[in-house]
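**Student:** Here you go, one structure.
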Amino acid sequence: MDQRVEGQVQSEWYSPRRLRDSPTQFDFPGDRFIPNRSLMNLDQAHSLLTNRIKELPNPNFNEMYRQKLIESLTLDTEGRPFRMLVFRGSPKSSGRWIRLIDKMRNDDAEALRNSNKQYQSPRQLPVKEAKILDAPNIKNDYYVNIIDWGKNNVLAVALGGALYLWNSENKSILKLLEVQGDSDYPTSIAWSEDTRSLAVGYMHSTLQLWDTETAKCVRCLEGHKARVSTLAWNGHTLTSGSRDKSIINHDVRVRYNPTSYMRAHTEEVCGLKWSREGNLLASGGNENNIYIWEASKMNSSNFLHQFKEHRAAVKALAWCPFQFNVLASGGGTKDGCIKIWNTQKGTCIHSIDTNTQISALEWNRHHKEILSGHGYGVGELQNHLCLWKYPSLAKMGEIKGHSSRVLGLSQLEEMRHFASGRYLDHLVSITLGSRGLAAFCL
């Protein structure tokens with residue numbers, strides 16, 4: 001610390017005794033409603049308050065003498081009215097020592113920022129995939145959502161008419177189901193939060209719940225009249241979106257499970273995401289709109305917000321894990337924009353044009369970053385993954401590897417890798433493209 005500045009601060013540091021001796025030379029941060037005892041002459045105040053003796057004029061003293069006596073009792077040394085209760089310090093001192101303290105704090109904060117920049121290592125992105133899985137019969141359809149990684153570390157993926165489960169720990173593969181014929185096939189899948197159930201939506205409007213332990217279908221949920229293109233869980237509630245333009249909430253605990261129907265989209269519903277708190281639902285449609293729904297008001301089909309800024313279908317939706325009211329969205333080929341929304345105010349707070357189709361978005365919990373998967377377009381990000389810094393949306397780098405468009409992203413939030421005798425946290429992203437399934441450690 002600068003010795004000169006320190007000396008100035010210490011020389012002006014207040015104490016009750018120094019403030020009593022010379023109260024006008026020091027600025028004490030008093031309060032409007034709490035008296036400052038160090039600036040009061042308590043003996044004089046007590047005398048003035050308790051003296052009930054009626055003043056009698058003394059004929060030995062004239063009027064001028066009596067006036068001087070009153071002034072000496074009621075005015076301070078500088079001729080100002082004596083204050084019985086002092087609520088704040090002297091305005092003349094103007095807090096010079098406080099400004100010096102603020103200056104030192106700012107200098108310390110700047111030094112800390114510079115040291116962080118000096119020792120912070122640059123973000124390292126993988127140059128290639130950690131693992132590639134064969135994925136034959138992939139449906140090259142932008143509007144389907146056929147990949148999901150559960151908290152049980154099992155990846156579910158639909159390939160054509162079959163649905164497979166891949167355990168990333170023991171590397172085992174299980175074929176859970178297969179639909180006969182070419183016209184019907186899984187178009188959306190989603191693990192429940194407890195990973196006890198796997199929801200599967202089909203091209204022919206069927207919606208099923210599967211028990212993955214017994215490999216049996218335990219429930220068929222009704223309500224849709226066209227393909228079920230997107231699914232999202234919120235506790236015991238399963239929300240489904242369809243090409244029939246409707247959104248249905250299903251309570252999987254009861255026999256007659258539809259609890260609410262919502263109709264606001266004028267085209268296919270191709271994206272659904274519940275907020276982490278479970279109080280808001282975001283839906284994206286093929287008419288380029290995003291709707292924000294409140295969980296407590298879904299029976300009325302009245303949405304909270306409608307966002308119309310995208311110029312193509314909105315499939316990619318992702319809620320920020322560290323800011324409850326922030327939503328990221330990505331548009332299709334004719335839009336190619338990543339937009340950040342404040343759902344509390346209903347405003348777009350950031351937008352960037354990638355010039356390529358955005359098929360999926362994933363937030364990174366351990367860093368303030370967003371990973372985007374891209375498809376068709378004229379930009380340099382075609383068929384690539386891209387990592388963006390939040391909130392600036394500055395591009396941190398690209399991950400190449402797919403020869404055709406990325407169809408989906410799924411993330412394992414907590415995966416343990418043993419390295420050098422200690423456990424390290426990694427985020428693992430699975431991308432689904434025409435080349436197959438590729439895993440990247442971020």
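The values are calculated or read from the model by the stated rules, or taken from the named source; none is laboratory data. What you see is a predicted model; the values in this text were computed from it and never measured. Cβ atoms come from the backbone with ideal geometry, glycine included; neighbour counts cover every protein chain shown. Just the protein is used for accessible areas: all its heavy atoms, side chains included, with ligands, DNA and RNA removed. Shrake-Rupley method; radii C 1.70, N 1.55, O 1.52, S 1.80 Å.
**Student:** Does the range 202-323 come out rounded, prolate or oblate by the C-alpha gyration tensor, with a ≥ b ≥ c the root eigenvalues, rounded set by a/c under 1.5 and, if not, prolate when a/b is larger than b/c and oblate if not?
**Tutor:** Values: a/c = 1.67, a/b = 1.42, b/c = 1.18.
Judged from the Cα gyration tensor, the range 202-323 comes out prolate (a/c at least 1.5, a/b above b/c).
**Student:** Arranged from highest to lowest average of other beta-carbon atoms within 10 Å per residue, in what order do the peptides 334-342, 395-403, 309-317, 296-304 appear?
**Tutor:** Values: 334-342: 20.9, 395-403: 15.8, 309-317: 22.9, 296-304: 13.0.
Those peptides, ordered most packed to least, come out 309-317, 334-342, 395-403, 296-304.
**Student:** Measure off, as a whole percent, the carbon and sulfur share of the 1.4 Å-probe accessible area of the range 115-211, all protein chains present. Can you show the working numbers first?
**Tutor:** Values: 2270 of 5110 Å².
Result for the range 115-211: 44 percent of the exposed heavy-atom area is carbon or sulfur.
**Student:** Now a separate question. Where only protein heavy atoms count, and the probe is 1.4 Å, what is the accessible area per residue for the range 260-333 in Å²? Please report the intermediate quantities before stating the final value.
**Tutor:** Numbers: 2850 Å² over 74 residues.
So the range 260-333 comes to 39 Å² accessible per residue, rounded to a whole number.
**Student:** How are the Cα pair distances of the range 324-411 distributed, in percent, across 5 Å bins from 0?
**Tutor:** Reading the bins upward from 0: 3, 15, 27, 26, 18, 7, 3, 0, 0.
**Student:** In addition: Would you tally the net charge around Ser229, using a Cβ to Cβ cut-off of less than 12 Å, leaving Ser229 out, and scoring K and R as +1, D and E as -1?
**Tutor:** Working: positive: Lys139, Arg227, Arg243, Lys245, Lys315; negative: Asp141, Asp244, Glu267, Glu268.
Net of charged neighbours comes to +1.
**Student:** Next question. Regarding the range 146-243, what's the average projected area of the Cα-atom convex hull, expressed in nm²? Don't jump to the answer; show the numbers that get you there.
**Tutor:** On the way: hull surface 23.1 nm².
Projected over every direction and averaged, the Cα hull of the range 146-243 covers 5.8 nm².
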